[in-house]
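Presented below is the structure to which this report refers.
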Amino acid sequence: MNVLTELGLKLHNPGGCMGLGQWTTTTEAGVLHSVNPATGEAIAEISLCSAEDYETIVNESNRAFQEWQQVPAPKRGEVVRLIGQALREKKDALGSLVSMEVGKIKAEGDGEVQEMIDMADFAVGQSRMLYGKTMHSERPSHRMYEQWHPLGVVGVVTAFNFPVAVWAWNACIAAIAGNTVIWKPSPKAPLTALAVQHICNCVMEEQGCPGIFSLFITDKNDLAEKMVADTRVPLISFTGSVPVGRHVAAIVGERLGRTLLELSGNNAVIVDETADLDIAIPGIVFGAVGTAGQRCTTTRRLIVHESRYQDVVSRLINAYEQVRIGNPLDTGVLMGPLIDHPAVGAYREALEEIQKSGGEILYGGHVLEQPGNFVEPTLAWAENQWDVVQRETFAPILYIMTFQTMDEAIVLQNAVPQGLSSALFTLNMRHAEQFLAATGSDCGIANVNIGTSGAEIGGAFGGEKETGGGREAGSDAWKAYMRRQTNTINWGTDLPLAQGITFTLNE
């Protein structure tokens, strides 16, 4: 069956949905074409939302919230469980659409859908564990505790590189917490969002709970900012670049709203003198080449002990020669295309800057002359302080540098503005513990003997410094989507005041 048909899509699609089949009908806001980055051909088109559409969507989402927050959390979890089941049934088709629309290889496309399924499963369990605490009051005959309540409408803004999984990280948890969700996907990946909305609509209709999940597709910055600035949307979860993240944070901060920011990464792998290269090399290659270097957790810097440099480079070149580049849906392909022509341009510019700075291209460095946005995975010797190394270039370029001591390696690892993911390959217990100590990696994710990418949903995902400080997915990330309330109950006959204060009124 045709992938679009199986997922409820057509060659022309509406760009907004209030849930339960209430699709927008606007045509004057323009048309967006979804383009396959492997071929340069259009897959389908979408009618963009208007400002009036947004108003309708946010009003319906607020109306739905008034009802949804009163539904018991385990029942909310049951709705999310059914969405996970529906995703299982559509996994192959949706995984293929991810590959078609953003260029991930089929295994990664399917893996992203599996991550959504796993996230739904996690959220179902979490729906029965929205725990508060009981505290002892200093006043007699008093009980004190805290509880967590739904927050409201959650706005989720996602990037193209994880077109569906990041939505699930947010939406599954936000929904079991009692919130409704408005999704503004990247205009580079609208079809996958539409497909997920169709899946959600079916479940919402079966369960009689419209309006929990809504969709809002636009490529207009001013219209996207309308949601960011909207006081009716108390939380904005944004995934994207640092400059845009700063702008989002400023707008939401001005209205004293909440932000959950997942911004750029500049992730390093340290390989010390004891590292097992049989596991280090595959971890480095997948981290650097997976999703054509377009993950926020992509391995961008490789910090190698000087005694292992030649061996590591030799093994990496041998591995890179085996990376088959091509149509991401073809069996055996390990790297698909970059998302678009501007991404190819950024790849070229980074390589030119490396060479002007005095670096050396050790492998790759070419744009492939064929249809689509294909480039070679590239290895380059570089120095950590160079401007090009300090930035995040969304492309499969791995910068290699050396160190002598573990102290030096950690300084290099931390000496970038970003702080998302990091990894160390070692058989030295002291090095591992040093890397994970408070004086070690300054990233939100620190791994030992695995790479920088491929985080599991059970842990909280996010980073420090310019990465934004947000946390999504597992652990206690659910608290970001709820409001905390402290409660004190006096069950006695007197009114003692805290801190022993005496306040006497005459009879």
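Below is a table of values for the structure above.
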item: Top-ranked residue of region 202-223 - restricted to ones that are of a type outside the set (A, V, I, L, M, F, W, C) and open to solvent by less than 10 Å² (accessible area, probe 1.4 Å), ranked as farthest from Met18 (Cα to Cα); result: Thr218
item: Close pairs (7 angstrom Cβ cut-off, 6 or more residues apart or separate chains): among the hydrophobic types (A, V, I, L, M, F, W, C) in region 63-75, in a helix (DSSP H, G or I) anywhere; result: Ala73/Ile176
item: Test: residue in region 86-96 that is closer than 27 Å to Pro371 by Cα and open to solvent by 10 Å² or more (accessible area, probe 1.4 Å); result: yes
item: Pick from region 296-315, criterion hydrophobic (A, V, I, L, M, F, W, C) and within 28 Å of the chain's Cα centre (by Cα), ranking: most open to solvent (accessible area, probe 1.4 Å); result: Cys296
item: Residues being more than 13 Å from Leu379 (Cβ to Cβ) and either polar (S, T, N, Q) or in contact (Cβ under 8 Å) with a residue 60 or more places away in the chain (or both) - total across region 311-325; result: 1
item: Set Val156, Val196, Val166: member being surrounded by 24 or more Cβ atoms within 10 Å (Cβ to Cβ) and part of a strand (DSSP E or B); result: Val156
item: In region 479-504, residue nearest to the chain's Cα centre (by Cα) [restricted to those that are of a type in the set (S, T, N, Q) and surrounded by 10 or more Cβ atoms within 10 Å (Cβ to Cβ)]; result: Gln485
item: Of the criteria (1) without any contact (Cβ under 8 Å) to a residue 60 or more places away in the chain; (2) closer than 22 Å to Val181 by Cβ; (3) among the acidic types (Asp, Glu), which one Asp92 fails; result: (2)
item: Residue list for region 230-248, restricted to those being open to solvent by less than 50 Å² (accessible area, probe 1.4 Å) and more than 17 Å from the chain's Cα centre (by Cα); result: Asp230, Val233, Pro234
item: Count - residues of region 460-487 that are out of contact with any Gly (no Cβ under 7 Å at 6 or more places or on another chain) and of a type in the set (Ser, Thr, Tyr); result: 2
item: Residue list for region 404-441, restricted to those being open to solvent by 50 Å² or more (accessible area, probe 1.4 Å), over 15 Å from Ala280 (Cβ atoms) and not polar (S, T, N, Q); result: Asp407, Glu408, Val411, Met429, Arg430, Glu433, Leu436, Ala438
item: Out of Glu472, Glu507, Glu392, sole residue that is more than 20 Å from Ser237 (Cβ to Cβ) and acidic (Asp, Glu); result: Glu507
item: Among the candidates Ala473, Ala455, Ala477, Ala446, residue that is of a type outside the set (D, E, K, R) and on the phi > 0 side of the Ramachandran plot; result: Ala473
item: Region 494-506 residues that are on the phi < 0 side of the Ramachandran plot, paired with ones that are among the basic types (Lys, Arg) and part of a loop (DSSP other than H, G, I, E, B) (beta carbon under 7 Å, 6 or more apart); result: Pro496/Arg139; Ala498/Arg139
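Conditions tested, residue by residue: (1) of a type in the set (A, V, I, L, M, F, W, C); (2) at pLDDT below 95; (3) touching a Phe, Trp or Tyr at 6+ places or on another chain (Cβ under 7 Å).
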{"position": "Val389", "(1), (2), (3)": "yes, no, yes"}
{"position": "Leu398", "(1), (2), (3)": "yes, no, no"}
{"position": "Thr405", "(1), (2), (3)": "no, no, no"}
{"position": "Thr426", "(1), (2), (3)": "no, no, no"}
{"position": "Met429", "(1), (2), (3)": "yes, no, no"}
{"position": "Gly440", "(1), (2), (3)": "no, no, no"}
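The values are calculated or read from the model by the stated rules, or taken from the named source; none is laboratory data. Since this is a predicted model, take the numbers as computed values, not measurements. Here the Cβ is made from the backbone with ideal geometry for all residues, glycine too, and neighbour counts use every protein chain on show. Surface accessibility is based on the protein's heavy atoms, side chains included, excluding ligands, DNA and RNA. Shrake-Rupley method; radii C 1.70, N 1.55, O 1.52, S 1.80 Å.
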